[in-house]
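Asks: Got a structure for you, written out below as structure tokens; questions coming shortly.
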Amino acid sequence: MRNALAIARKELGIYFTTPLAWIIFTAMGFLSSLFFVGILGGFKQVQELARQVTWAKLPPDYALFKNLTDGVIVQLLGTVLIITLFVAPFLSMRLFAEERRQKTFELLMTCPVRPIEIVLGKYLAALGIISATLGITLIYPFILALFGSSESGSALEWSTVTLGYLSMLLLGATVMAIGMFISSLTESQMVAAFFTFVVALAWFALGMVAQQVDEPVRSVITYLSFDSQLRNMMKGVFDPKALVFFVTIIVLQIVLTHRAVDAQRWT
Amino acid sequence: MPMIEVTNLTKRYRDRLAIDHLNFTVEKGEILGFLGPNGAGKSTTMKILTGFLPPSEGKAKIDGFDVFEQPLEVKKRIGYLPETPPLYPEMTVRAYLRFVGRLKALGGDNLKAEIDRVTKATGTATELDRLIGALSKGYQHRVGLAQAMLGSPALMILDEPTEGLDPKQRAGVLELIKSLAGKQTIVLSTHILAEVKAIAQKVLIINRGKVAAYDSIDKLSEGGGLEETFIKLTSA
């Protein structure tokens, strides 16, 4: 395990000495702040409207805008989820592809280190960097908690916010695992990033295909899509099935990556 | 027990035979010069000895351990400088050597002392806090060599350790390798015959994947000298 930690440390060091991590952080901060301002503006408009005509006269789906948690944070985290799908492949692309390209893979494979330690070390670093990227958006709930108010005490429902972040972390961790596996198959970071993005986006949006097919295929496809798995958690309902679903995919990707790295010994 | 024991080692890449039933042994403490024209299979053999590539046939043992069956035991005993030095350009020399040292299970004061020793020996001590990417090619190569020396492995496998160095640096690196004779076993490949003459006790010449000659340097230098022997053996 000491070896895995040494590798994780090296990976994180490289993320932060190259511009990549900072570019991704900036992109996440910039894009999420645009959505935050937009969503907050919409929330304010509905609130004004409700004050003039009362909630009873507004269409029922406007009830969402009664509190900051459902009206702003849940909406915002939904968009951050999509941003994550776009940025995570850029963070995972270099994990193995870069080692192969600059021939340092040869160093790792001839040091007294087990392949599984290399894979786990890399994944640990991947988890760290995606958590930091998502962590940037924590500033919005804190802004709302500080300056917002509600009729029932606390401005935000922290359990909903926490589950929202748990969902984002699960998705981010899953895309990083997929990205790590794809990165272990190629020398080109571009190819790795592109394919990771295609796979993650397709997997996320499987639910749309499900609408076009009949049962029982529809249920299966719906079950497999990231979007439908996350739906409950994003609304603040803890869903252990989703947790198991994502952890299973992550473990599967780690096993596949290990096979790909270990294959070096056989071919 | 010999340090390296190679029996019928063969490597096939699809339709191409890179090395063909190699047999040789290297005793502990020897310096072996590994010669051959380009594409003779030198790098492939070295990659198999370090456990990076699996052989298609045959066996290779390092200090009694099979490279394929017990790779971890083998890797604990070797320091390896591949053809392209395996460097991370975005790391400083110090951070890089620390990283490799940790992977070789060195730690604490021991690691510090080792980094001190290898950077002094390779003349990179003054560059410790510079980014590897900012170093000249010669320095980068020497950092690669420093990495292979970390922890004084029983066997050092050096693939063209003097490539890309100027004459003065070449002499320095050869002197360094020579000073390790007896303490460590060293296999170095090169296509510069003068280098082998200067430091190696034994020479292994391979041509088209086969052993063309394996003998002490004096024996091979008989007659017209090492150059002539080399040209005669490899022009076949």
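The values are calculated or read from the model by the stated rules, or taken from the named source; none is laboratory data. Only a predicted model underlies this, so the values are computations on that prediction, with no experimental measurement involved. Note that each Cβ is placed from the backbone with ideal geometry, even for glycine, and that neighbours are counted across all protein chains shown. Accessible surface areas use protein heavy atoms only, side chains included; no ligands, DNA or RNA. Shrake-Rupley method; radii C 1.70, N 1.55, O 1.52, S 1.80 Å.
Asks: Provide a single number: the residues in segment B:35-56 that are within 14 Å of chain A (Cβ to nearest Cβ) and charged (D, E, K, R).
Replies: The number of residues fulfilling the criteria is 1.
Asks: Inspect all residues belonging to segment A:213-224 and state whether any of them is surrounded by fewer than 16 Cβ atoms within 10 Å (Cβ to Cβ), over 21 Å from residue A:178 (Cα atoms), within 14 Å of chain B (Cβ to nearest Cβ) and touching a helix residue (DSSP H, G or I) at 6+ places or on another chain (Cβ under 9 Å).
Replies: no
Asks: Got a number for residues in segment B:66-96 being part of a helix (DSSP H, G or I), more than 7 Å from chain A (Cβ to nearest Cβ) and more than 22 Å from residue B:46 (Cβ to Cβ)?
Replies: Residues that pass the stated criteria total 2.
Asks: Those residues that are open to solvent by less than 60 Å² (accessible area, probe 1.4 Å) and either assigned to a helix (DSSP H, G or I) or closer than 16 Å to residue A:82 by Cα (or both), I need them from segment A:13-30; list them, please.
Replies: Scanning segment A:13-30 gives A:13, A:14, A:15, A:20, A:21, A:24, A:25, A:27, A:28, A:29.
Asks: Which condition does residue B:69 not pass, out of (1) surrounded by 15 or more Cβ atoms within 10 Å (Cβ to Cβ); (2) within 22 Å of residue B:11 (Cβ to Cβ), if it passes all the others?
Replies: The failed condition is (1).
Asks: Does segment B:81-100 include one or more residues that are small (Gly, Ala, Ser) and in contact (Cβ under 8 Å) with a residue 40 or more places away in the chain?
Replies: Among the residues of segment B:81-100, not one is small (Gly, Ala, Ser) and in contact (Cβ under 8 Å) with a residue 40 or more places away in the chain, which makes the answer no.
Asks: Quick one: residue B:52 ticks every box in (1) in a loop (DSSP other than H, G, I, E, B); (2) farther than 19 Å from residue A:109 by Cβ bar one, so which box is it?
Replies: Exception for residue B:52: condition (2).
Asks: While we're looking at this one, here's another question. Taking residue A:119, is it among the β-branched types (Val, Ile, Thr), buried (at least 20 other Cβ atoms within 10 Å of the Cβ) and in a helix (DSSP H, G or I)?
Replies: Yes; evaluated as a whole, the condition is true for this residue.
Asks: Here's something else I'd like to know. Within segment A:100-116, track down each residue that is in a helix (DSSP H, G or I) and at the interface with chain B (Cβ under 9 Å from one of its Cβ atoms).
Replies: The answer is A:105, A:106, A:107, A:108, A:109, A:110.
Asks: Scan B:184, B:140, B:169 and give me the residue that is more than 10 Å from chain A (Cβ to nearest Cβ) and over 29 Å from residue A:2 (Cα atoms).
Replies: B:169
Asks: Just one of A:31, A:20, A:40 is more than 14 Å from chain B (Cβ to nearest Cβ) and modelled with pLDDT under 95; which is it?
Replies: Values: A:31 fails: modelled with pLDDT under 95; A:20 fails: more than 14 Å from chain B (Cβ to nearest Cβ).
After ruling out the rest, the residue left standing is A:40.
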